[in-house]
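In what follows, a structure is listed as structure tokens, so that the remarks can point back to it.
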Amino acid sequence: MNNEIVSSIIGPLQQDKNFPDWWKSENFEIPFLNNEKLAIVFIDFLPEEDQSFIEDADNALRNFLVMTIYDRNLISQKVYRNCVDFLDAIDFDESDDELRKIMAVNDIWNFVYPAEIYLSRRNRRDKDIYVSIDCDCEWEQEHGLQLVFRQGKKLTRISARDGHLTDADAYDKPDDEDELLSKF
């Protein structure tokens, strides 16, 4: 088996030694994240089983990589709401004071630390490619934060990192009952 695949958008990706269905790129500038450099990983992909994955992933990457800080700021309120909802659900902790004092929603990004970007195909219903930004964050230190974009175009999920691409999948409900996904 070949240990490398090639994306027309980000170049070569190397097969992970421990997970044969994971393929990782070199660090790549992400305009959505102010050109921060992150690895991009194709997951749940076996070339012999999904002939169109690379082409579909490249289309999603093409869509995603045109998004900028402006697009990121458009979802700041949702990220901030994720933080506030989490803080409201836990016992008060003085170490969270800085988060509770955020005045401008775009400042929430000062507490978010992107780690990697994953592309995977949803295994049911639409079978689309989703781009997921895997982040650490100050408010949910155990499970972090994930931002998921269907076809790399539009935010369709914001949650703790749980591996699900949609709320519909996470909570086993119809796609039209998934608030963000249904707006795609």
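Read the figures in this text as sums done on the coordinates, not as results from a lab. Here the structure is a predicted model, which is why all the values come from computation and not from measurement. Reconstructed Cβ throughout: ideal geometry from the backbone, glycine too, with neighbour counts over all protein chains shown.
How far is helix 53-64 tilted off the main Cα axis of the chain, in degrees rounded to 10, range 0 to 90?
40 degrees
Would you mind putting 165-171, 21-27 in packing order, based on average other-beta-carbon counts within 10 Å, highest first?
Ranked by mean Cβ neighbours within 10 Å, highest first: 165-171, 21-27.
Taking the Cα centre as origin and putting +1 on Lys and Arg beta-carbons and -1 on Asp and Glu beta-carbons, what dipole magnitude results for the range 70-148, to the nearest 20 debye?
800 debye
What share of the DSSP beta bridges in the chain is antiparallel, in percent to the nearest 5?
For the chain, the DSSP antiparallel bridge percentage is about 90.
Taking the Cβ-Cβ separation of Y113 and Y171 as r and a Förster radius of 22 Å, what is the calculated FRET efficiency to the nearest 0.05?
Approximately 0.25, to the nearest 0.05.
Would you kindly work out the equivalent ellipsoid of the range 1-64 from its C-alpha gyration tensor and give its semi-axes, the square roots of five times the eigenvalues, largest first in whole Å?
21, 14, 9
Counting pairwise Cα distances across the chain, what percent come out greater than 20 angstrom?
Beyond 20 Å sits 55 percent of the P(r) for the chain.
Are any of the pairs K37/K153; K37/K127; K24/K127; K101/K173; K37/K154; K17/K78 more than 30 Å apart by Cα-Cα distance, and if so, which?
Beyond 30 Å: K101/K173; K17/K78.
In degrees, nearest 10, range 0 to 90: what is the angle between the Cα axis of helix 76-89 and the longest Cα principal axis of the chain?
So the inclination is approximately 60 degrees.
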